[in-house]
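The next block holds one structure in the form of structure tokens; read it before the comments.
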Amino acid sequence: MMKKEIITLTIAGNDSDGSAGMTADLHSFYARQVYGMGLLTAAVAGNTTGIYAQEVMPVSFIQKQFDVLNDDFKIAALKTGMLANKEVIACVAANLRKYDMGKIVLDPVIMTKHGDTLLDDDAYQAFLDDLMPLADIITPNFYEQQKLTGMQLDTKEEIHRGAEKLQKMGAKNVLMKGRHDNAAQSEVTDILLAEDGQFYEFTKPFINTERINGTGDTLSAVIAAELAKGRSIIASVQTAKDFTYEAIAHPIEVGSKYGPINHFAAQEDTK
Ligand SMILES: Nc1ncnc2c1ncn2[C@@H]1O[C@H](COP(=O)(O)OP(=O)(O)O)[C@@H](O)[C@H]1O
Ligand SMILES: Cc1ncc(COP(=O)(O)O)c(N)n1
């Protein structure tokens, strides 16, 4: 009998150098053995030194991708990445309400590691109002946590309060990714506020490297892949944290500056 594949979707921008965005998501889906599909919202012209141009897809084209995918496939889980502006957010939110596309992982992509902006300033409110209530899990990094909560989150207590604020806005589970900007730190701890109101910590050693393009995409894509398989939030986050760590820990030589992470090694080393 033919094997029925588990379909996982990324709704994201493509980064031409393959380090981040849709390409990193598809690498991650493949490595976690789910069938990956890509609904394109935007494309950026980038390499390991930066992003030099970006184009947003017309909303009518994004709508068409939602319609044709839902006509033909049963999607088990999805993640969102670069959504660019409030018109794209409105389109994505309307379709996530219209179609049942399984579990929803919201990765609030705002800025790249080089400091290039991937979401308009006037789109945060739409993100909070229209998308947060639909999320099974949201995965903000340290910078995005401050932007979305409007709070300064330095201590663990403050991070807990910030996570509770995001959960009250509608996200069922909130994963507050840890800081990794201090060369002297020994660990990176991500804090999950789960649906049951409990906090869980996921800790790995800190790796002092500039080759971390696509870490956030990889983490959220693996969470989506594992949720698509029917695993729990906690098990999915644990696998995603382990996978992303292995991918950072085995550097590969691609490009001259802020390189990508290693999905090949992570595939072999993550259970
Ligand atoms: N230098 C690092 N050493 C170890 N883990 C890291 C490092 N950088 C990021 N991570 C981990 O990678 C995952 C993605 O986090 P992050 O890089 O903050 O996301 P983003 O790409 O959205 O900024 C998290 O689990 C985080 O803990
Ligand atoms: C098109 C696109 N989407 C998302 C990211 C975020 O990348 P990261 O995972 O490093 O935060 C990116 N750099 N480019």
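Running a GNM on the chain with Cα contacts under 10 Å, which residue among LYS86, LYS156, LYS204 ends up with the highest mean-square fluctuation?
With Cα springs under 10 Å in the chain, the top fluctuation among LYS86, LYS156, LYS204 is at LYS156.
Under 19 Å Cα to Cα from LYS168, which aspartates and glutamates show up? Leave out anything in the same chain fewer than 8 places away.
Of all the aspartates and glutamates, those that pass the test against LYS168 - Cα under 19 Å, at least 8 places apart if same chain - are ASP107, ASP129, ASP130, ASP136, GLU144, GLU157, GLU158, GLU195, ASP196.
Between beta-carbons, use under 14 Å as the cut-off and find the net charge around GLN198, counting Lys and Arg +1, Asp and Glu -1.
Net charge in that neighbourhood comes out at -3.
Compare the peptides 142-150, 111-119, 8-16 by average per-residue count of other Cβ atoms within 10 angstrom and give them in order, highest first. Please list the in-between numbers first.
Numbers: 142-150: 17.8, 111-119: 15.9, 8-16: 26.8.
For the peptides 142-150, 111-119, 8-16, the packing ranking is 8-16, 142-150, 111-119.
So what is the relative contact order of the range 150-206, in percent, for Cα pairs below 8 Å that sit 6 or more residues apart?
Value for the range 150-206: 26 percent.
Just report the Cα centroid separation between the range 1-77 and the range 251-271, whole Å.
The range 1-77 and the range 251-271 have Cα centres spaced 19 Å from each other.
Just to check I understand the Karplus step: with θ = phi - 60° and J = 6.51 cos²θ - 1.76 cosθ + 1.60, what whole-Hz values come out for the range 8-23, glycine and proline as x?
Values, residue by residue: 10, 10, 10, 10, 7, x, 9, 9, 4, 8, x, 7, 9, x, 4, 5 Hz.
In terms of Cα to Cα distance under 16 Å, which lysines are near enough to LYS4, apart from those fewer than 8 places away along the same chain?
LYS74, LYS229
Once amide H atoms are built 1.01 Å from N in the peptide plane, which residues 5 or more positions from THR41, or in another chain, come under 5 Å H to H?
ALA12, GLY13, ASN14
Using the Karplus equation 6.51 cos²θ - 1.76 cosθ + 1.60 (θ = phi - 60°), what ³J(HN,Hα) coupling, rounded to whole Hz, does each residue of the range 164-176 give in order, writing x for Gly and Pro?
Running phi through 6.51 cos²θ - 1.76 cosθ + 1.60 with θ = phi - 60° gives 5, 5, 5, 5, 5, 6, x, 6, 5, 10, 10, 9, 8 Hz.
If you wrap a convex hull around the alpha carbons of the range 92-158, what volume per residue comes out, as a whole number of Å³?
Residue-normalised Cα hull volume stands at 108 Å³.
Along its principal axes, what span do the Cα atoms of the range 40-140 show, with the longest given first and each in whole Å?
Principal-axis extents of the range 40-140 (Cα, largest first): 39, 24, 22 Å.
Which ³J(HN,Hα) values in Hz, rounded to whole numbers, follow from the phi angles of the range 181-196 under the Karplus curve 6.51 cos²θ - 1.76 cosθ + 1.60, where θ = phi - 60° and Gly and Pro get x?
10, 10, 4, 8, 6, 9, 9, 10, 10, 9, 10, 9, 9, 8, 4, 7
Most fluctuating residue of ILE234, ILE261, ILE248 in a GNM of the chain with Cα springs under 10 Å: which is it?
ILE234
Need the list of lysines near LYS204 for cross-linking: C-alpha distance under 21 angstrom, and skip anything on the same chain fewer than eight residues off.
The reachable lysines, counting only those whose Cα sits under 21 Å from LYS204, are LYS113, LYS156, LYS177, LYS241, LYS271.
Throughout, read-outs are computed from the coordinates displayed, never taken from laboratory work. Keep in mind that what you see is a predicted model, and the values were worked out from it rather than measured. Positions of Cβ are backbone-derived with ideal geometry, glycine not excepted, and every protein chain shown enters the neighbour counts.
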